[in-house]
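The structure appears right after this line, and notes come after that.
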Amino acid sequence: MNLLPTPPEPRFRLYTSLRDYLTIFGNLLFGRVTQGDDLKDLEQSIAHMIGVDDKTTLLTPQARVAVYLAVKSLIQSGRRNVILSPYTIPDVINMVLCAGGIPCFVDIDRTTCNINPKTASDLIDHTTGAVMVTHLFGLATDLDLLKPRCIELNVPLIEDASHAFGTIVNGWHVGTMGDAGIFSFGMYNPLNCLYGGMLVTPHAQVLAHAATLLEFFPWMDMPSYLQRTFQALVFDLITHPWIFKSITFWIRRYGLLHHAPWSGISSQDDCDSTLQTTFPEHLARRMTPMQARILMRQLDSVAANTRARIDRAKLYHHGLQDLPDLILPPLRLDSSHGYTQFPIQSPQRNALMHHLLREGRDVAPPHLTNCAQHPCFIQYARDCPNAQATANQILLLPTYPRYSIQEVQRNIQSIRRFFKADG
């Protein structure tokens with residue numbers, strides 16, 4: 001007799017609070033969305049927090065806009081190749097193209113899912129306009145080899161730290177170690193105001209150029225922002241433990257086990273999978289002071305949330321490290337890996353996922369792809385076998401602070417049962 005499993009906690013929850021929604025509706029009601037000096041206050045507060053000068057930060061409507069501004073401001077005529085990881089969302093590649101860059105894909109390291117620093121370093125030549133690294137899942141890319149090479153050849157180094165706010169390497173916050181850093185404050189990030197991003201750069205000319213471009217953008221489109229607010233509310237509702245355990249999980253579980261096309265109740269962002277070479281008009285917006293007020297209140301929780309995720313990553317690592325069929329991320333307890341999620345890789349990914357679902361576990365692969373083989377970027381295609389293998393084999397285990405230690409342990413036990421290593 002097959003008994004139904006005990007339903008789990010959701011694999012992902014937004015880092016939102018009731019106060020965030022009250023701020024949004026209160027500001028709309030009293031006409032304060034675009035009033036106040038909160039944008040400048042937030043830029044200064046984040047600058048102090050990550051240890052950079054007040055005049056090196058610029059808030060942007062989304063992280064992908066910050067990517068566009070960084071590439072457009074840093075690459076030079078005749079040096080347009082941008083070395084970057086293929087394991088990302090298509091929007092990142094499109095922003096490079098819109099900024100006049102040419103994507104030059106470099107394969108990744110399987111353990112971190114980040115660009116391979118040695119391969120990237122060897123590829124730099126006279127055509128290289130910039131190198132862009134991504135600190136994916138809060139796992140910092142090793143820059144010990146790559147950064148000196150960029151300095152030697154006068155090639156700008158861009159850090160996409162969208163997933164890694166609060167990750168610190170040898171006293172340096174990721175996003176502050178190169179010529180430009182990008183942060184995301186989008187809906188699915190630990191620090192979020194539903195939409196938003198930031199550009200950080202020590203180069204005054206680059207910041208001034210980016211600020212000039214942003215200056216002519218209108219404020220964030222409120223109908224779109226309210227639509228995103230509604231999406232967040234719905235997501236918060238369906239992932240509330242009471243509703244998730246009684247309704248959402250069972251719908252999602254049935255759909256995934258039976259390959260239903262509607263089963264993807266996931267944290268996918270609004271990614272465009274078509275080739276773009278012109279900056280999209282809908283991205284030409286500015287963050288509002290209201291959004292800055294939401295973010296300002298969240299800054300104090302960054303360190304505690306990072307520590308909570310590291311604690312969960314430590315449990316996963318110790319519980320799974322002896323399984324030879326799994327690739328795990330490195331374990332670092334010094335905040336140099338922030339573990340926004342804990343990625344594991346297995347050639348038996350799909351079978352493992354179905355096993356976990358049947359046992360009442362909620363896990364899923366990410367929505368990232370190997371852009372080096374993506375149909376819309378075929379003219380820039382490059383053989384990146386590690387990126388392709390990762391895209392086919394990766395699963396994300398939950399680490400968010402509200403995810404209980406008991407659930408982490410149940411995930412570990414279920415995975416061990418799959419590999420028949422429950423001793």
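The values are calculated or read from the model by the stated rules, or taken from the named source; none is laboratory data. In this text the structure is predicted, and so the values were computed from the model without any measurement. Cβ placement follows ideal geometry from the backbone for every residue including glycine, while neighbour counts extend to all protein chains displayed. SASA here: full protein model, heavy atoms, side chains in, ligands and nucleic acids out. Shrake-Rupley method; radii C 1.70, N 1.55, O 1.52, S 1.80 Å.
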With only alpha-carbon atoms in the gyration tensor, what are the semi-axes of the equivalent ellipsoid for region 143-257, in Å, largest first? 37, 22, 11
To the nearest Å, what is the center-to-center distance of region 350-409 and region 152-166, using C-alpha atoms only? 24
F30 versus W250: modelled label distance in nm, points set 7 Å from Cα along the beta carbon direction: 4.4
Residue separation between E152 and H48 times 0.36 nm, minus their alpha-carbon distance, gives in nm 34.5 nm
For the modelled label position 7 Å from the Cα of D300 along Cα-to-Cβ, which residues of region 1-40 have backbone nitrogen atoms closer than 15 Å? 19-20
Convex hull per residue volume in Å³, alpha carbons only, for the chain: 138
In deg cm²/dmol, rounded to 500, what helix-only [θ] at 222 nm does the chain give when every DSSP H run of at least 4 residues adds -39500 (n - 2.57) and the total is split over its residues? -11500 deg cm²/dmol
If a/c stays under 1.5 just call it rounded; otherwise compare a/b with b/c (prolate if a/b is bigger, oblate if not). Do that for region 158-204, with a ≥ b ≥ c from the square roots of the Cα gyration tensor eigenvalues. oblate
If the cut-off is 16 Å between C-alpha atoms, which aspartates and glutamates fall inside it for K40, apart from same-chain ones fewer than 8 positions away? D53, D54, E215
Assuming a ≥ b ≥ c are the square roots of the Cα gyration tensor eigenvalues, decide whether region 1-155 counts as rounded (a/c under 1.5), prolate (otherwise, with a/b larger than b/c) or oblate. oblate
Leaving ligands and nucleic acids out of the surface, order T229, T119, T278 by accessible area at 1.4 Å, largest first. T278, T119, T229
Express in % the proportion of alpha carbon pairs of region 85-133 at distances exceeding 19 Å. 25
Stretchable slack from S273 to M222, in nm (0.36 nm times residue separation minus alpha-carbon distance): 15.9 nm
Please compute the Cα-Cα pair-distance distribution of region 1-81 with 5 Å bins starting at 0, giving whole percents from short to long. 3, 10, 10, 13, 16, 13, 10, 7, 6, 5, 3, 3, 1, 0
List the pairs from K55/K118; K55/K314; K55/K147 whose alpha-carbon separation is above 26 Å, in the order I gave them. K55/K118; K55/K314
Using a 1.4 angstrom probe with every protein chain in place, what is the largest-first accessible-area order of E281, E9, E159, E152? E281, E152, E9, E159
Please check the chain for the longest run free of chymotrypsin sites (Phe, Trp or Tyr not before Pro) that are loop-located per DSSP (anything but H, G, I, E, B) and have at most 10 other Cβ atoms within 10 Å. 31-215
Provide Rg and Dmax in Å for region 354-422, with only Cα atoms included in the calculation. 16.1, 48
Efficiency of FRET from Cβ geometry, K40 and R358, R₀ 56 Å, rounded to 0.05: 0.60
Please compute the net charge surrounding S346, taking Lys and Arg as +1 and Asp and Glu as -1 over other residues with Cβ under 13 Å from its Cβ. +2
Sticking with the crude label model, points 7 Å out along Cα→Cβ, report the distance from Q321 to D125 in nm, one decimal please. 4.2
If the viscosity is 0.890 mPa s and the temperature 25 °C, what translational diffusion coefficient in µm²/s does Stokes-Einstein give for region 285-423 when Rh comes from Kirkwood over Cα pairs? 144
